[in-house]
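The values are calculated or read from the model by the stated rules, or taken from the named source; none is laboratory data. Here the structure is a predicted model, which means the values were calculated and not measured. So basically every Cβ, Gly included, is an ideal-geometry build from the backbone, and we count neighbours across all protein chains shown. What goes into the accessible areas is simple: the full protein's heavy atoms, side chains included, and nothing from ligands, DNA or RNA. Shrake-Rupley method; radii C 1.70, N 1.55, O 1.52, S 1.80 Å.
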Amino acid sequence: MDVTTLRKQLTSKPVGQVYVVLGQQSILMEQAREAFNQLIPEDQKVMNVGSYDMETTPLAVALDDAMSAPFFGDKRLVLVNKPYFLTGENKSTKIDHDLDSLENYLTHPEVDTILVFMAPYEKLDGRKKIVKQLKKVAEEVSAAPLTEQVARQLVKQQVQADGYQMEQAVLDELVTRTNADYSLMAGSISKLELFDLQTKKISLDGVRGLVPQSLDQNVFDLVNAVLAKNQQLAIQHYQDLIESQEQPIMINAILVGQFRLLIQVQVLAQRGLSQGGIASEIKAHPFRVKMAMQTVKRFSTQLLEQAYVGLVDIEQQLKTTTRNPQLLFELFMLKYAKLAS
């Protein structure tokens with residue numbers, strides 16, 4: 001189920017005894033956490049809500065809490081955060097987690113305890129015995145990154161619920177500046193509404209003034225200038241990034257990554273893969289793939305490869321020489337424009 005369904009279920013149906021909230025969308029994780037917290041009255045939270053980080057606390061401590069009776073209340077809530085032992089991840093830690101005790105608990109969960117595993121991971125390791133048992137018992141809540149379409153819909157719903165309007169062009173700008181990341185989009189709503197409090201209409205000026213472009217998006221603008229062989233604009237974008245305290249080695253690394261993405265997308269699109277298929281194949285956010293697909297239609301693979309090779313050469317020089325990074329980029333642009341002409 002998604003977080004919206006969870007909220008409805010927690011208020012309309014009997015609450016389950018074990019849940020797993022799985023996914024890497026931070027705002028959805030927090031919304032799920034808040035939904036569970038609201039099940040415990042405010043004056044009972046101190047004694048009946050426990051939250052434990054598995055990277056610093058043994059699992060046994062959380063299970064001891066889960067097996068305790070509620071203190072002057074009907075329910076006890078125990079949140080098990082970052083349960084990395086449910087994944088294939090290998091943590092270099094001295095903490096010993098008693099998974100046998102967890103297996104025993106899952107066999108007979110405490111009736112008055114709500115045990116929630118807050119797992120900020122892409123997936124669990126389904127090969128593990130404990131994970132198989134957990135999936136039999138627990139109700140799973142998805143906190144996976146949302147698609148652009150769903151993120152847009154939720155933002156529109158929130159804005160409308162708050163009594164505001166937002167035109168399509170304004171929402172498009174918000175999506176672009178946040179790379180369709182729902183956490184960033186939702187986190188911007190309150191300040192945008194405050195900016196346009198008088199008109200009750202989210203403005204383009206508000207989005208452009210209050211929502212900074214991500215580094216990836218700034219570099220994407222730089223990529224477009226490079227591909228257009230617009231040396232002046234490309235160098236200006238590069239200077240802007242340097243002036244905003246971005247490190248040259250980081251800028252170049254993202255540039256290399258962007259051109260690698262463009263080449264991958266173009267090759268896979270030529271093989272007939274859809275946007276979703278490409279995103280799954282290269283494990284990239286669907287919005288990035290969408291933007292890349294729009295870009296590669298205008299350029300040949302050879303042109304993209306020439307830029308990629310030139311940027312890799314800059315990366316090597318940045319790591320092995322003391323040459324001025326901006327000069328290296330300017331020389332790259334001169335050479336690339338000549339090759340691409």
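Would it be correct to say that LEU146 is farther than 30 Å from ASP74 by Cβ, at pLDDT below 90 and surrounded by 14 or more Cβ atoms within 10 Å (Cβ to Cβ)? Don't jump to the end; show me each part of the working.
On the way: farther than 30 Å from ASP74 by Cβ: yes; at pLDDT below 90: yes; surrounded by 14 or more Cβ atoms within 10 Å (Cβ to Cβ): yes.
Against the criterion (farther than 30 Å from ASP74 by Cβ, at pLDDT below 90 and surrounded by 14 or more Cβ atoms within 10 Å (Cβ to Cβ)), LEU146 qualifies.
So, in region 143-195, how many residues would count as being in contact with a Phe, Trp or Tyr (Cβ under 6 Å, 6 or more places away or on another chain) and of a type in the set (Ser, Thr, Tyr)? Lay out the reasoning, then the answer.
The initial filter retains those residues of region 143-195 that are in contact with a Phe, Trp or Tyr (Cβ under 6 Å, 6 or more places away or on another chain), namely 146, 148, 151, 179-180, 193.
Keeping just the survivors that are of a type in the set (Ser, Thr, Tyr) gives none.
Within region 143-195, residues that are in contact with a Phe, Trp or Tyr (Cβ under 6 Å, 6 or more places away or on another chain) and of a type in the set (Ser, Thr, Tyr) number 0.
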Going through region 294-309 one residue at a time, which ones are more than 16 Å from MET250 (Cα to Cα) and not charged (D, E, K, R)?
GLN294, THR295, VAL296, PHE299, SER300, THR301, GLN302, LEU303, LEU304, GLN306, ALA307, VAL309
Which residues, taken from region 18-43, are more than 27 Å from the chain's Cα centre (by Cα) and buried (at least 18 other Cβ atoms within 10 Å of the Cβ)?
ILE40
Pick from region 175-230 the residues that are touching a Pro at 6+ places or on another chain (Cβ under 9 Å) and part of a loop (DSSP other than H, G, I, E, B): which of them is most open to solvent (accessible area, probe 1.4 Å)?
ASP181
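Taking LYS290 as the residue in question, decide whether it is without any contact (Cβ under 8 Å) to a residue 40 or more places away in the chain and either open to solvent by 20 Å² or more (accessible area, probe 1.4 Å) or of a type in the set (Val, Ile, Thr) (or both). It would help to see each step written out before you state the result.
Numbers: without any contact (Cβ under 8 Å) to a residue 40 or more places away in the chain: no; either open to solvent by 20 Å² or more (accessible area, probe 1.4 Å) or of a type in the set (Val, Ile, Thr) (or both): yes.
Criteria not met by LYS290.
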Considering only residues that are modelled with pLDDT of 85 or more and of a type in the set (Phe, Trp, Tyr), which ones fall in region 306-337?
TYR308, PHE329, PHE332
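When only residues in region 123-174 that are of a type in the set (S, T, N, Q) and in a helix (DSSP H, G or I) count, which is nearest to LEU204 (Cα to Cα)?
Filtering region 123-174 for residues of a type in the set (S, T, N, Q) gives 133, 142, 147, 149, 153, 157-158, 160, 165, 168.
From what is left, the residues that are in a helix (DSSP H, G or I) are 133, 149, 153, 157-158, 160, 168.
Details: GLN133: 50, GLN149: 20, GLN153: 18, GLN157: 18, GLN158: 18, GLN160: 17, GLN168: 10 Å.
Only one residue tops the list, namely GLN168.
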Count - residues of region 253-299 that are under 18 Å from the mean Cα position of the chain (by Cα) and in a loop (DSSP other than H, G, I, E, B)
3
Pairs needed: first member in region 83-100, within 14 Å of ALA62 (Cα to Cα); second member anywhere, of a type in the set (Val, Ile, Thr) and in a loop (DSSP other than H, G, I, E, B); C-beta distance under 9 Å; at least 6 residues apart or different chains.
ILE95/THR56; ILE95/THR57
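Do you know which residues across region 1-44 are under 22 Å from TYR84 (Cα atoms) and acidic (Asp, Glu)?
Restricting attention to region 1-44, the residues satisfying the condition of being under 22 Å from TYR84 (Cα atoms) are 1-3, 17-34, 36.
ASP2, GLU30, GLU34 - these are the residues of region 1-44 that are under 22 Å from TYR84 (Cα atoms) and acidic (Asp, Glu).
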Scanning region 254-281 for residues that are open to solvent by 40 Å² or more (accessible area, probe 1.4 Å) and closer than 13 Å to VAL223 by Cβ gives ARG260
Being closer than 22 Å to GLN133 by Cα, at pLDDT 90 or above, surrounded by 13 or more Cβ atoms within 10 Å (Cβ to Cβ) and β-branched (Val, Ile, Thr) narrows VAL78, VAL15 down to just VAL78
